[in-house]
Amino acid sequence: MSTAQSPAAGDRRRVVLTGLGAITSIGTGLEEFTAGLRAGRSGAAPITRFDTTGFEQTYACEVKDFDAERWIRNVPLDHVGQAGQFAVAAARMAVEDAGLTEAELGDTRAVISIGTTDGESHDLDRLVAMDVEAGDPEVMDPVLAGRVNAGRLSTAVARELRMANVEATTVTTACAAGNYSIGYGLDTIRSGEADLAICGGADAVCRKAFVSFYRLGALTSEDRVRPFDVNRKGILTGEGAGMLVLESLDSALARGARIYAEVLGYGLSCDASHPTAPNREGIARGIELALDDAGVKKDEVDFISAHGTGTKANDKTESGAIVDVYGSAPPRTVALKSMLGHSMGAASALGAIACALSIEHGFIPPTINHVETDPECPVDCVPNESVEADVRIVQNNSSAFAGNNAILILGKYGERV
Amino acid sequence: MSTAVSEAVRETAELAADQLVITGWTAVSPFGVDRAAFTAGLRAREATAAPADGVAGALPSPEACLVPGFDIRELLGKKGTAKLDRLSALVMVASDQLLRDADGERAVETDDRTGVVVGISMGSLETITDGMRQSLTNARPFYVDAGKIPVGTLNHAAGAAAIRHDLKGPNTTLGGGRVSGLLALNYARKLIGQGRATKYLCGSAEEFSAAHAWLEHVSVEQGETTPLLGEGCGLLLVEPAGSAQGEPVAAVLAVESRIDIDDDPAAAVTACVEQALDRAGVRADDVWAACPSAAPGRAGRAESAAVASLVPAAALDRVPSMALLGDTSAAAASLQIAAVLAVAEGDAESAGRVALVTAVDRDGAVACAVLRLLGATDQGGAA
């Protein structure tokens with residue numbers, strides 16, 4: 001793929017990660033999330049968010065210890081639903097981690113971009129239930145009805161952080177939305193139009209997503225997810241939020257910020273072929289575009305954080321695309337969804353955070369619940385145990401229904417001049 | 001071309017190679033299913049509210065501004081449309097109009113670097129809530145219509161347009177309600193600027209449904225009345241002037257957005273417009289046509305007042321009020337841009353002039369775009 005129109009890599013503004021916020025089913029906060037990744041924790045547990053009567057499968061990866069009031073100070077808690085609370089709290093966590101105060105954020109020009117698959121669909125589920133129960137839509141709760149649009153995820157973050165001079169955009173490109181959002185922050189800072197972007201993704205476990213994947217036969221019948229395993233049976237739905245502070249290198253250096261990693265580039269490709277089936281060519285093209293944008297050679301990639309949902313179709317197709325790009329000995333390829341389930345719009349944002357943490361702490365997280373690698377998935381998935389490694393460059397994959405692929409490349413800051 | 005557009009021709013010649021320009025547009029709207037109907041209805045200032053008789057389910061109020069004659073199978077064919085939602089169909093019909101000529105042949109070159117970005121509110125609320133209802137009322141909770149599940153994904157419309165026209169570049173859906181059309185335009189501008197796409201189909205859309213109407217009805221602010229709802233899709237073709245294949249009808253000088261964090265939408269709109277004019281390098285007095293969203297409620301009134309206090313009075317009347325179309329929600333901002341372009345094409349005086357489009361959303365976002373009109377007229381305009 002030619003990127004002849006791109007500004008030459010050497011002339012571009014460099015962009016780094018200076019703050020991270022993670023709310024996940026294996027731990028909230030960076031310390032807990034890092035420990036969970038290293039230990040290979042599973043977030044799976046019986047569903048509490050909604051009534052599972054009538055379903056044979058009753059597991060999901062819910063966030064268990066979320067205390068909204070600890071993080072959310074300025075917007076009323078009922079201004080947003082569960083997904084919005086995750087997003088706002090993770091954003092607060094990320095700016096605090098970056099050492100940015102509200103006073104410093106102030107009127108700073110910035111982008112806030114947040115990816116989501118279902119937004120506040122849990123509220124929609126509840127609204128429809130009210131209507132069905134009463135047989136009258138007039139009884140629907142006005143507070144819930146007024147907050148269902150996806151746009152609120154990002155405007156609520158701006159309100160919470162008291163940032164008026166921002167472009168707040170919610171990317172609703174389903175399960176690739178987290179990487180899309182980070183890419184938009186990268187492009188904005190590269191363009192010179194802002195020095196700061198607060199990006200990521202958020203979703204909440206909801207009946208809608210659960211029923212959809214159940215009906216499509218994509219939900220596992222087990223209490224665990226086994227990506228790349230010959231006996232993998234599908235996904236568990238999950239939830240959480242991952243938010244990242246992206247900053248121009250100049251800005252980060254000027255204020256002496258800690259730098260987790262450099263955002264080297266990303267790639268977007270559209271399969272334009274099928275509304276739900278993954279596409280080997282489309283994923284491979286996305287990877288090539290990302291490597292090209294990042295100026296990274298294939299042998300420089302230390303590991304790949306795969307989309308790795310644990311469905312038959314995804315893992316086989318994605319492995320095939322990775323082999324198409326990298327040849328028969330690709331970088332180690334791990335599936336965080338073995339631990340986190342499929343946290344939808346949050347998935348690739350949490351993936352990006354895990355990649356940054358792996359660079360910071362020098363380890364590769366495992367693919368848990370792994371017994372026997374499927375010959376159709378010829379990758380080293382780092383089964384069950386994390387490994388210590390000097391991680392310099394990482395690729396973070398994501399794909400979505402509607403044929404959308406978004407691939408992000410992060411690198412250790414200071415390794416590349 | 002008449003002599004009146006000579007200034008615009010000069011403006012076109014002076015466009016920098018990387019200046020983003022609009023080289024095509026269409027609108028599927030309550031005025032009618034295509035661009036010609038939109039232009040005619042707009043110029044005649046027709047009201048579009050009518051009894052929403054064909055809509056499935058009881059409604060909180062009897063009237064709506066629907067796209068007349070929007071028969072999905074007739075417009076898109078029988079193949080693959082049995083489960084299609086109205087939102088995706090609106091986007092697909094608009095994309096057909098933008099990319100094909102009257103004979104249905106491809107009229108615009110596209111490739112694997114042609115992007116699609118579509119602004120929405122919450123996707124096809126009818127599809128999503130129907131599935132939820134089935135789960136609660138059918139014999140088993142997973143007895144839902146499987147064919148509707150992909151359609152209920154928020155990014156289905158953008159993906160469906162890409163599949164229909166084999167568009168393999170960046171494909172993105174943005175949730176932002178009434179400002180989403182402007183967020184989409186800014187997204188396309190930035191990604192083209194970074195070399196990720198060579199051209200973009202860029203717009204926003206909303207479908208009318210009972211589900212949407214009830215959610216709006218029960219959440220209406222105290223003291224306000226239930227809004228008259230509309231629907232539609234505005235879609236633009238945008239590309240850099242230097243490589244544009246179509247005739248530019250307008251240059252995108254600036255797109256800006258802000259968040260109203262203090263419940264003062266007028267102040268947010270004022271700041272946003274001033275920032276955009278500044279970035280565009282034009283003065284408020286230069287604005288020849290201004291088109292606010294005419295959103296119902298407090299934010300919409302504040303927006304109109306703020307715009308009126310900034311631009312010359314004559315600029316406010318050139319584009320008929322968007323209230324004619326009802327509250328078209330996510331479709332609004334793209335239809336506003338279409339309205340500005342439709343008016344400009346009928347007025348040779350528009351050549352070289354500045355237009356301002358503003359929008360506010362109830363979730364707190366405000367946005368605006370500053371365009372320079374390039375003098376394409378009904379006689380000489382791009383398809």
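Quick note: the coordinates plus some simple rules give every number you see, no bench work behind them. Just so it is clear, the structure is predicted and the values come from calculations on it, not from any experiment. Counting neighbours? That spans all protein chains shown, and the Cβs are built from the backbone with ideal geometry, glycine included.
Can you run the Rg to Rh ratio on chain B? Use alpha carbon positions and the Kirkwood inverse-distance Rh. Don't skip to the answer; put the middle values down first.
Values: Rg = 19.8 Å, Rh = 20.7 Å.
A ratio of 0.96.
Given contacts defined as C-alpha pairs under 8 Å and at least six residues apart, what's the relative contact order of segment A:112-201, whole-number percent?
44
Within a 10 angstrom radius of each residue's Cβ in A:211-222, how many Cβ atoms of other chains show up on average? Whole number is fine.
4
Quick check: Cα centre of segment A:54-113 to Cα centre of segment B:115-170, how many Å?
26
Calculate how many DSSP beta bridges within chain B are antiparallel, expressed in % of all such bridges and rounded to the nearest 5.
The antiparallel proportion sits near 70 percent.
Could you tell me how far the Cα centroid of segment A:192-253 sits from the Cα centroid of segment B:29-48, in Å?
42
Among DSSP beta bridges whose residues both lie in segment A:15-254, state the antiparallel percentage, nearest 5.
Numbers: 20 of 34 bridges.
Percentage antiparallel, nearest 5: 60.
Quick one: order A:F228, A:F86 by neighbouring beta-carbon count within 10 Å, fewest to most.
Fewest to most other Cβ atoms nearby, the residues stand as A:F228, A:F86.
With the contact rule set at Cα under 8 Å and sequence spacing of 6 or more, what percent relative contact order holds for segment A:15-254?
Relative contact order for segment A:15-254 comes out at 30 percent.
Taking every pair of alpha-carbon atoms in segment A:131-182, what share in percent sits in each 5 Å bin, from 0 to the bin with the longest distance?
The distribution over segment A:131-182 is 4, 17, 16, 18, 15, 11, 10, 6, 2, given as percents.
Could you sort out which of A:K64/A:K412; A:K208/B:K79; B:K168/B:K190 sit more than 24 Å apart by Cα distance in this structure? Mind dumping the intermediate values first?
Working: A:K64/A:K412 32 Å; A:K208/B:K79 27 Å; B:K168/B:K190 18 Å.
Pairs exceeding 24 Å: A:K64/A:K412; A:K208/B:K79.
Report for segment B:21-243 the percent antiparallel among DSSP-assigned beta bridges with both residues inside it, nearest 5.
Restricted to segment B:21-243, the bridges split so that about 60 percent are antiparallel.
As I understand it, the value is the acute angle between the Cα axis of helix B:125-137 and the longest principal axis of the Cα atoms of chain B; what does it come to in degrees, rounded to 10?
The angle comes out at about 10 degrees.
I need the Debye-formula profile for chain A: one equal scatterer per C-alpha, no solvent, reported as log10 I(q)/I(0) at q = 0.06 1/Å, two decimals.
Reported log10 I(q)/I(0), two decimals: -0.21.
Determine the distance separating the Cα centre of segment B:316-381 from the Cα centre of segment A:335-363; give it in Å without decimals.
43
Efficiency by 1/(1 + (r/R0)^6): what FRET value for A:D390 and A:V230, r their Cβ-Cβ distance, R0 = 30 Å, to the nearest 0.05?
Between A:D390 and A:V230 the formula returns 0.45.
Assuming 0.36 nm per residue, please report the length gained on full extension of the stretch B:K78 to B:D53 beyond their Cα-Cα distance.
6.6 nm
Sequence gap at least 6, Cα distance under 8 Å: using those rules, report the relative contact order of chain A to the nearest whole percent. Could you put the intermediate results ahead of the total?
Values: 1128 pairs, mean separation 95.6, N = 417.
Taking the mean separation of contacting Cα pairs over the length of chain A, I get 23 percent.
Helix B:297-310 versus the longest principal axis of chain B: what angle, 0 to 90°, nearest 10, using Cα atoms?
Tilt of helix B:297-310: around 0 degrees.
What is the Cα radius of gyration of the protein assembly as shown over 2.2 N^0.38 Å, N being its residue count?
In units of the 2.2 N^0.38 Å rule of thumb, it is 0.88.
So, in nm, how far is label B:A146 from label A:R73 when the simple model puts each one 7 Å beyond its Cα toward the Cβ?
With each label point 7 Å from Cα toward Cβ, the separation is 5.1 nm.
Computed over the Cα atoms of segment B:305-383, what is the convex hull's projected area averaged over all directions, in nm²?
5.8
For a Förster distance of 41 Å, can you work out the FRET efficiency between the beta-carbons of A:A134 and B:A40, rounded to the nearest 0.05?
Details: r = 44 Å, r/R0 = 1.08.
E(calc), rounded to 0.05, equals 0.40.
Apply 1/(1 + (r/R0)^6) to the Cβ-Cβ distance of A:D11 and B:E105, taking R0 = 41 Å, and write down the FRET efficiency to the nearest 0.05.
Using R0 = 41 Å, I get an efficiency of 0.50.
What does the average come to when, for each residue of peptide A:273-282, you count the partner chain Cβ atoms lying within 10 Å of its Cβ?
3
Rule-of-thumb check for segment A:265-411: C-alpha Rg over 2.2 N^0.38 Å?
Cα-based Rg divided by the globular estimate yields 0.93.
Just the C-alpha atoms of segment B:182-260: what Rg/Rh do they give, with Rh taken as the Kirkwood radius?
Result for segment B:182-260 is an Rg/Rh of 1.13.
Report the semi-axes of the equivalent ellipsoid for segment A:113-154 in whole Å, largest first, where each axis is √(5λ) for an eigenvalue λ of the Cα gyration tensor.
23, 10, 5
In what sequence, highest mean first, do B:226-234, B:277-285, B:17-25, A:308-316 appear when ranked by Cβ atoms within 10 angstrom?
Answer by packing, highest mean first, reads B:226-234, A:308-316, B:17-25, B:277-285.
For A:E372 and A:E96, compute 0.36 nm times the residue count separating them, minus their Cα-Cα distance, and round to one decimal in nm.
Extra length from A:E372 to A:E96 when fully extended: 95.2 nm.
Do me a favour and compute the ellipsoid semi-axes for segment A:84-207 from its Cα gyration tensor, root of five times each eigenvalue, largest one first, whole Å. Could the numbers behind the result be given before it?
Details: eigenvalues 190, 46, 26 Å².
They are 31, 15, 11 Å, listed largest first.
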